[in-house]
1. For the range B:300-318, name all the residues that are at the interface with chain A (Cβ under 9 Å from one of its Cβ atoms) and either acidic (Asp, Glu) or in contact (Cβ under 8 Å) with a residue 60 or more places away in the chain (or both).
2. When only residues in the range B:130-154 that are under 19 Å from the mean Cα position of the chain (by Cα), part of a strand (DSSP E or B) and closer than 29 Å to B:His27 by Cα count, which is farthest from the other protein chains (Cβ to nearest Cβ)?
3. For B:Ser297, are the conditions met, namely being of a type in the set (Ser, Thr, Tyr), closer than 30 Å to A:Arg54 by Cα and modelled with pLDDT of 95 or more?
4. Condition (residue is in contact (Cβ under 8 Å) with a residue 40 or more places away in the chain, closer than 25 Å to B:Glu17 by Cα and within 13 Å of chain A (Cβ to nearest Cβ)) applied to the range B:272-279: is it met by at least one residue?
5. Please go through the range A:32-53 and pick out each residue that is assigned to a strand (DSSP E or B) and surrounded by 17 or more Cβ atoms within 10 Å (Cβ to Cβ).
6. Only one of these conditions is not met by B:Gly260: (1) closer than 21 Å to A:Glu9 by Cα; (2) crowded, with 24+ Cβ neighbours inside 10 Å. Which number is it?
7. Given the conditions (1) touching a helix residue (DSSP H, G or I) at 6+ places or on another chain (Cβ under 7 Å); (2) within 14 Å of another protein chain (Cβ to nearest Cβ), report the number of the one that B:Asn193 does not fulfil.
8. For residues that are modelled with pLDDT of 95 or more and either within 14 Å of chain A (Cβ to nearest Cβ) or part of a loop (DSSP other than H, G, I, E, B) (or both), scanning just the range B:233-242, find the one that is surrounded by the fewest Cβ atoms within 10 Å (Cβ to Cβ).
Amino acid sequence: MRIEGTVVEVYETWPLQLSIEAADGLYHIGLHPDTKIKRRGHPAGAMEIKDHVRIAIDGTISGPKALLADSIELL
Amino acid sequence: MEMRERWLQIEAAVEEETKKESIEDGHSPVKGGSEFGPAPEVDKMTPEMALAEAERFEEVIVEAANVSGIVEVSGFKVEPPTIPDVIEIIHGADDRVRVGNTTVYPWRTICHLEIAAPNGKAYIGTGAFIGPRVVLTAGHCVYLHADGGWARKIRVIPGRNGGSSCPSSGTSSVCPYGYADATQYTSVKGWVNNKDSDYDYAVIILPANQKLGNTVGWMGLANLSMGSLLGLNVNSSGYPGDKPYGTQWWNSNNILAVTGRRLYYRIDTMGGQSGSPVWRYKDGQRHIIGIHTTGGSPYNGATRINDDVFNNLVNWKNL
């Protein structure tokens, strides 16, 4: 599944958890240690995921409005 | 409104609130050793220092674009600080300092958390004892919305000082108090049911025969007024994932914004430090005033120990 949204919170466990506001509401996202993070096709770091940043997430649905992220694109 | 005028307005408005502050003292059972860790912890700023800091901050953000949050004071609202659109969690230089000796108070009360989510995923977080077998942490360390809910198990390792693992029984130099595996937690509906980050706090309850808090002690709790919190220089120490595994790192800075349920500051943090205590050191006493939860721009944030959080924690600490 792919969703797009704006980062609302960056929860500082390791790996990170996120909440993002998507078109159909608030989603909670869990990252893996090996979640691929990219910006314009180039590797980026988890520290670049910030409040207000728009991202697209490819991952697996893990519950209602919940997703485990395989990859994140910083838009 | 001029910054000084705003400050005076805040001071006047919170005078009544200040009278309602609540304090619950901590407990340090082991005598001896330095009370200080990597550096002297910071005491409260004077109002003059806080004002200077606020004015300096306002100068810095004069070209800011975004505004978020409302500072609510005793029933009326004042303009919030304008939030600059910066993108750092480590604010400028990384000022975190490694805690070399984690067996002295208060560092030994702070715990490395190895969290096993219900779906099998592993997370790292931080907690702090507040009672004999009760460890304060973030709600998202015990109830993981994207991973199936309540943690399957959390390994609580007080005063951990590196090392890839702890011995299966007893203690070691890197796990000086051993560990406890917990499967019992308490949080609030605001986090568990409503996923509301304003309610992001919880406690881990260790097995009844593993009251490690009686060995390591705990810091106190304080529900401080907004007037006491704004500008207050606070400490936080935890277990970040970007440093050698299981090492504890301390930092301090001022509280720059407060809402009814959140605190915002520029203490440098990283993933793994969720659940770290944010505490005030004053007159030789340490009181936790927040639970670190989020990194953000421009501030990092904590759940504020307000009236209802304080009352819950006081009720839970002796479970």
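The values are calculated or read from the model by the stated rules, or taken from the named source; none is laboratory data. Owing to the predicted nature of the structure, the values given are computational and were not obtained by experimental measurement. Note that each Cβ is placed from the backbone with ideal geometry, even for glycine, and that neighbours are counted across all protein chains shown.
1. Result: B:Asn300, single match.
2. Only one residue fits best here, namely B:Gly131.
3. Details: of a type in the set (Ser, Thr, Tyr): yes; closer than 30 Å to A:Arg54 by Cα: yes; modelled with pLDDT of 95 or more: no.
Here the answer is no, as B:Ser297 does not meet what is asked.
4. So the first thing to find is which residues in the range B:272-279 are in contact (Cβ under 8 Å) with a residue 40 or more places away in the chain, and the list is B:272-279.
Checking the rest, the ones that are also closer than 25 Å to B:Glu17 by Cα come to B:277-279.
Narrowing the set further to residues that are within 13 Å of chain A (Cβ to nearest Cβ) leaves B:278.
Within the range B:272-279, one or more residues are in contact (Cβ under 8 Å) with a residue 40 or more places away in the chain, closer than 25 Å to B:Glu17 by Cα and within 13 Å of chain A (Cβ to nearest Cβ).
5. As a first pass, look at the range A:32-53 and keep what is assigned to a strand (DSSP E or B): A:32-39, A:42-43.
Correct list: A:Thr35, A:Ile37.
6. All conditions pass for B:Gly260, except number (2).
7. It is condition (1) that B:Asn193 fails.
8. B:Pro240
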